[in-house]
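First up is the structure itself, then whatever we jot down about it.
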Amino acid sequence: MTKELKPIDISNSPEILRIVEEMRASNEPRVFRRDNEDVAILRPVKRAARRRVLRGRPTSADDPLWNIVGMAAGPDDGVTDVSTNKLKYLADAYADLHE
């Protein structure tokens with residue numbers, strides 16, 4: 001089980017802030033020493049991965065997408081009101097099966 005670390009705000013400590021920024025830029029840990037004794041280690045925190053925004057590719061004249069353009073218009077037999085009269089068409093189809 002990992003113990004949660006207690007944060008220290010360094011916003012108002014320019015010298016510490018400079019050391020931290022230098023460490024983050026090099027992405028290498030630093031050892032703090034007092035006299036000849038190592039007293040602390042400062043390590044960079046892994047930055048959250050940026051989410052890439054996936055963008056589609058541009059379409060060209062030979063893209064298969066163009067094959068479906070105009071399908072909603074239907075054939076030239078005049079039946080283009082299916083969504084408006086769906087119940088009528090269903091009733092007609094049902095009646096044709098049971099005559």
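We did not get these values from a lab; they are worked out from the coordinates using the rules stated. Everything numeric in this text was worked out from a predicted model, so none of it was measured. Neighbour counts run over all protein chains shown; Cβ positions are idealised from the backbone, glycine included.
Modelled spin labels at residue 16 and residue 94, positioned 7 Å past Cα toward Cβ, are 7.6 nm from each other. Starting from the Cα of residue 6, draw a straight line to each of the lysines and keep only those under 28 Å, dropping any in the same chain fewer than 8 residues away. Correct list for residue 6: 46. For the peptides 37-50, 81-94, the ranking by packing is 81-94, 37-50, with the highest mean count of neighbouring Cβ atoms within 10 Å listed first.
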